[in-house]
Number of protein chains: 2
Amino acid sequence: MQIAKGVEWTTHICTVIALLPPGRGLAVDVLADFFEVPSAYLSKQMQLLRRAGVVESVRGKSGGYRLAKTPDDITLLDIVLAIEGPKPAFRCTEIRQNGPCGLKRTDCKRPCEIAAAFAEAERVYRDALKVKTLASIMQEAAVNAKPEHLNDIGNWVQQQLP
Amino acid sequence: MQIAKGVEWTTHICTVIALLPPGRGLAVDVLADFFEVPSAYLSKQMQLLRRAGVVESVRGKSGGYRLAKTPDDITLLDIVLAIEGPKPAFRCTEIRQNGPCGLKRTDCKRPCEIAAAFAEAERVYRDALKVKTLASIMQEAAVNAKPEHLNDIGNWVQQQLP
DNA sequence: CTTTATCCGGATAATATATATCCGATTAAG
DNA sequence: CTTAATCGGATATATATTATCCGGATAAAG
């Protein structure tokens, strides 16, 4: 039960492109260099974010990726669902319908109690990710970081703009 | 991000072997037939449960698996951790230390805010699974099931005992 | 218009993990 | 001792994750 690395990568990247001036974007290659992650694969992950409406892309020269919404409107759950897809982690295969004492399908209107318990746990998990916005993450990071480091990132972002 | 099928299988199986008379066990082959799951693979999963102290095995003739604790003392989290292992789903690879603006390791005493947010979400997930005991699951199932089905299972378990 | 930089999508491959099987070693019951 | 059953390791297969490459589309800049 592992979360794809793309979730970690793209979340960090969202905190960086949030610092861009309005209307500007950063290229995948540039972002890949910033965190030393493989650019071709990162490109795939960013496409997933774009399809989910988290970021938007500008094609052609001086194009790149930027946020599609304000950092307040992007949650960690948005990013996880974009990368991992919507399917729940627990897969109920209805084995209660199998074997010598298997239930008939018509007797299985209610969800299996085990599946329901896992669904409930996943619900609280998702709720916890839903209240963490990109803005709140960046706020926490700003409080904890050294001022010069925030400066470094701001300057670096500026320098990447054509 | 998927939970291993073994979690579903062994949880269901725990609700069955909970019905055994004290001191008796059921063989893997018998349990595999009950839910129509592959017995050799189920055997591996039951070994994981045994190492985690959820079930215990009796070797030799008329041996098999039985619960190692009362259904009240077994939680869904116990089973998940036994099968999936203890490692968290979100893997922080510390990419904040990478690239042109990477932090020095000495500046990374606090956990990364992103990793912390996922750790918190996993904490509430685990807490939700921790309050679901085998006993509570069986209680819910007993309330929802038709009485004759509970009877069928009880009778089947009796018949499997030598 | 041409060049250049960039995203897009599909194909492909490598690696890791999950799923599944088999068999010899070991242990308990009769 | 013989038989039945589990354990543990070795191994095989399937699926998911990670990763790369390339041709095509798009758009800016010269």
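The values are calculated or read from the model by the stated rules, or taken from the named source; none is laboratory data. Predicted model only: the values in this text are computed from it and were never measured. So basically every Cβ, Gly included, is an ideal-geometry build from the backbone, and we count neighbours across all protein chains shown. Only protein heavy atoms, including side chains, enter the accessible area calculation; ligands, DNA and RNA are left aside. Shrake-Rupley method; radii C 1.70, N 1.55, O 1.52, S 1.80 Å.
Data for the structure
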quantity	calculated
Most mobile of A:Val55, A:Val37, A:Val80 in a GNM of chain A (Cα contacts under 10 Å)	A:Val37
Charged-residue dipole, Cβ positions (Lys, Arg, Asp, Glu), chain B about Cα centre, Debye nearest 20	760
Top of A:Ser62, A:Ser39, A:Ser136 by mean-square fluctuation, Gaussian network on chain A, Cα under 10 Å	A:Ser62
Spacing of the two label points (7 Å from each Cα toward its C-beta) at A:Thr93 and B:Gln97, in nm	4.0
Surface share of carbon and sulfur [accessible, 1.4 angstrom probe, percent] for chain A	51
Cβ-derived FRET efficiency at R0 25 Å, A:Glu120 paired with B:Ser39, nearest 0.05	0.20
Neighbourhood net charge (13 Å Cβ-Cβ; Lys/Arg +1, Asp/Glu -1) for B:Lys44	+3
Average other protein chain Cβ within 10 Å of Cβ, residues A:69-79	1
Spin-label proximity, B:Arg24 to region B:64-85 - amide N less than 13 Å from point 7 Å beyond Cα toward beta carbon	B:64-66
Computed [θ] at 222 nm, helices only, for chain A once each DSSP H run of length n ≥ 4 contributes -39500 (n - 2.57)	-16500 deg cm²/dmol
Nearest-20 debye value, the protein assembly as shown charge dipole, Cβ charges on Lys, Arg, Asp, Glu	400
Partner chain coverage, peptide B:98-104 - average Cβ within 10 angstrom	6
Shortest-first distances to equivalent copies, position A:Tyr41, nm, label 7 Å out along Cβ	2.6
For region B:5-160, radius of gyration divided by Kirkwood radius, i.e. Rg to Rh on alpha-carbons	1.14
